[in-house]
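Enquirer: One structure is given below, represented as structure tokens, and several questions about it will come after.
The values are calculated or read from the model by the stated rules, or taken from the named source; none is laboratory data. Please read all numbers here as calculations on a predicted model, not as lab measurements. Cβ atoms come from the backbone with ideal geometry, glycine included; neighbour counts cover every protein chain shown.
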Amino acid sequence: MNQLVIDAMSRPAVERGFRLQWEPAQNAHVLLYPEGMIKLNSSAGEILKRCDGATTLADITADLERAFATSNLSQDVIRFVIMAVEKKWLKIHS
């Protein structure tokens with residue numbers, strides 16, 4: 001079985017069947033799917049809205065670090081993306 005490697009050059013995208021959107025009633029980003037909705041915390045929403053299948057995790061991380069004037073987010077972003085892939089929210093483009 002081929003192990004999926006997720007690293008700085010991975011390009012995540014929201015999986016088919018899911019739609020990310022801002023939900024004013026929830027005051028949060030949500031991930032919609034046919035059976036329901038997942039309310040995301042602000043960090044998850046910020047990461048997922050940058051997952052377009054073209055942008056690398058390195059660029060997503062750099063953008064987050066610029067937007068929030070912080071550094072050293074790489075491991076947190078990769079950990080979240082691994083979890084989101086395991087939950088089938090994201091897929092990785094090669």
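Enquirer: Looking at I6, I47, can you tell me which residue is at pLDDT below 95 and aliphatic (A, V, I, L, M)?
Expert: On the way: I47 fails: at pLDDT below 95.
Sole residue among the options that is at pLDDT below 95 and aliphatic (A, V, I, L, M): I6.
Enquirer: Hey, can you tell me all the residues within region 50-94 that are of a type in the set (A, V, I, L, M), under 14 Å from M9 (Cα atoms) and without any contact (Cβ under 8 Å) to a residue 60 or more places away in the chain?
Expert: Matches in region 50-94: A54, L57, A58, I60, A62, V77.
Enquirer: What pairs come up if the first residue lies in region 13-39 and is closer than 14 Å to K88 by Cα, the second is of a type in the set (S, T, N, Q) and modelled with pLDDT of 95 or more, and their beta carbons are under 9 Å apart, counting only those six or more places apart or on different chains?
Expert: Correct list of pairs: L31/Q21; L32/Q21.
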